[in-house]
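Before any comments, here is the structure.
What follows draws every value from the coordinates through simple rules; no lab data is involved. If you're wondering where the values come from, they're calculated on a predicted model, not measured in any experiment. Every residue, glycine among them, receives a Cβ derived from its backbone with ideal geometry; neighbour counts consider all protein chains shown.
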Amino acid sequence: MQWDFLDPVAESARTGNLADGDRGIPRNWRHMNGYSSHTYMCQRRGERFGSSPLIGPGIECLTQEEADVLAAADRRLPTRDLFEAIGRGE
């Protein structure tokens, strides 16, 4: 039933694949891709085209064992990592 709901719309099917995929657990907030929720209309030399930007450096994932160790040590690690990276200008 889930795929009957997701399949008619390509964006929904892709999101379902990402959610149920085997990518793993993101290493932190900085190593997740961000996708625009809108497609922007662009024009070059009189020709129009749509653009939906991808934001992010790429995906880095943890194994379940690594995630368990990090979660037990410090549950706020991903948020602190992002805060400190912003402070460093990254």
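Residues of segment 33-90 that are aliphatic (A, V, I, L, M) and out of contact with any Gly (no Cβ under 7 Å at 6 or more places or on another chain): Leu54, Ile59, Ala67, Val69, Leu70, Ala71, Ala72, Ala73, Leu77, Leu82, Ala85, Ile86.
In segment 48-90, which residue that is in a loop (DSSP other than H, G, I, E, B) and among the acidic types (Asp, Glu) is surrounded by the fewest Cβ atoms within 10 Å (Cβ to Cβ)?
Residues of segment 48-90 that are in a loop (DSSP other than H, G, I, E, B), as a first pass: 52-53, 56-60, 63, 74-76, 88-90.
So of that shortlist, the ones also among the acidic types (Asp, Glu) come out as 60, 74, 90.
Working: Glu60: 12, Asp74: 11, Glu90: 9.
Restricting to residues being in a loop (DSSP other than H, G, I, E, B) and among the acidic types (Asp, Glu), the top hit is Glu90.
Select from segment 1-47 the residues that are farther than 24 Å from Arg80 by Cα and touching a residue at least 12 places away in the same chain (Cβ under 8 Å) and write down the one among them that is surrounded by the most Cβ atoms within 10 Å (Cβ to Cβ).
Among them, the one singled out is Gly16.
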